Amino acid sequence: MLRKVFNYIKNEIQLTREYYQGLSTPVSALGSNDEVEIRYQGLTFKAPKPIANEEYQRMRQAHEAWLEAHYDLNTAEGIQSIPERSDLPRPPNVDSGGFRNYTCDVDYYLRLKSSIFEEAGNIRLAILCLRKSNAIRMVSKRGYKKDDYYMLVRLLARSGFTEEAQTEKLKIDQFFHGYTMDNLIGIGPKLTEQELRAEDDIIAFEAQRGIDKRDYKWLQGALPDICPKSYSGYRRMKKGNTKNYQIIVAKAKEMGREIL
């Protein structure tokens with residue numbers, strides 16, 4: 001128990017992931033001469049200087065190229081074959097001053113790949129990426145929030161796989177036991193009753209979001225003259241049940257498409 005409390009305090013002091021995800025440029029491989037003094041919530045510690053955006057982009061491309069070369073991240077077999085452990089290979093010399101560069105972890109990169117696959121319409125690979133990322137994180141427990149794991153649930157729901165979404169949500173809920181972060185399970189803090197109630201709505205919300213996106217894509221091709229110019233515009237129109245939206249629903253029905 002004492003070790004758990006120590007690790008909790010250590011996590012609060014380092015503030016590794018939360019701080020550096022808030023910076024415009026995350027951690028890079030810099031030497032001690034490139035460190036600055038940071039104050040956060042009354043604590044003072046050394047941290048690497050942020051770098052120019054151009055340099056950061058160059059480094060990110062190199063890191064991603066390393067991951068692509070060392071893992072098969074573009075086939076189902078390759079993604080599924082990645083071991084689920086905390087010491088997976090990652091680009092060398094990417095950490096500095098005791099701060100871990102989480103963007104160089106393969107579980108982090110798998111989430112980026114998932115978004116790319118979803119955008120390209122390859123939902124199967126998108127799902128496999130998030131499923132593998134969650135499995136690695138459940139073993140590693142590096143301080144990710146429960147909501148980060150729900151990224152898989154949301155993808156399944158908006159892709160029309162609501163039963164699978166329910167299964168994955170239950171798995172995640174059982175893993176967290178009501179706690180907020182994977183490295184604080186058994187220590188605290190826990191989710192509030194309000195936060196737990198909000199979780200009950202994510203599958204229905206994302207499922208409807210998926211339906212709306214598919215309807216909007218159909219409208220772009222079938223009724224381009226009356227289709228809103230943006231998806232956000234379509235959502236506002238639908239939410240307000242405007243006269244133009246009612247016209248769209250009627251026209252779509254004439255063509256055999258039921259807009260829900």
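Throughout, read-outs are computed from the coordinates displayed, never taken from laboratory work. The structure presented is a predicted model; accordingly, all values stated were derived computationally and were not measured. Using ideal geometry, Cβ is built from the backbone for each residue, glycine included, and neighbour counts are taken over all protein chains shown.
Some notes on this structure:
- Using alpha-carbon coordinates, inclination of helix 146-158 to the longest axis of the chain, degrees: 20
- Cα-based helix-to-principal-axis angle, 243-254 vs the chain, degrees rounded to 10: 70
- Using a Gaussian network model of the chain in which every pair of alpha carbons under 10 angstrom is joined by a spring, one finds that among SER133, SER96, SER114 the greatest mean-square fluctuation is at SER96.
- The chain, relative contact order in percent, only Cα pairs under 8 angstrom and at least six apart counted: 13
- Listed residues TYR179, TYR149, GLN220: farthest to the positive end of the dipole of the chain (Cβ charges): GLN220
- Stretchable slack from ASN53 to SER230, in nm (0.36 nm times residue separation minus alpha-carbon distance): 60.8 nm
- Projected label points at LYS239 and LYS213, each 7 Å from Cα along the beta carbon direction, are separated by 1.7 nanometres.
- Test item: Cα-centred dipole of the chain, Lys/Arg +1 and Asp/Glu -1 on Cβ, debye: 560
- Estimated FRET transfer efficiency when R0 is 25 angstrom, pair LYS46-VAL139 (beta carbons, to 0.05): 0.25
- Difference of contour (0.36 nm per residue) and Cα-Cα distance, GLN174 to ALA62: 36.6 nm
- Using θ = phi - 60° and Karplus 6.51 cos²θ - 1.76 cosθ + 1.60, couplings along region 121-135 (whole Hz; Gly, Pro as x): x, 8, 5, 4, 5, 4, 5, 4, 4, 6, 5, 5, 4, 4, 4
- Charge dipole magnitude, Cβ of K and R +1, D and E -1 - region 134-260, Cα centre, debye nearest 20: 540
- On Cα atoms only, tilt of 2-14 relative to the major axis of the chain in degrees: 80
- The equivalent ellipsoid of the chain has semi-axes of 39, 23, 20 Å, largest first, where each one is the square root of 5 times an eigenvalue of the Cα gyration tensor.
- Here LYS239 is the anchor, and the lysines within straight C-alpha reach of less than 22 Å, apart from those fewer than 8 places off in the same chain, are LYS213, LYS217, LYS229, LYS251, LYS253.
- Spatially proximal aspartates and glutamates relative to LYS238 (Cα-Cα < 13 Å; intrachain offsets below 8 disregarded): ASP212, ASP215
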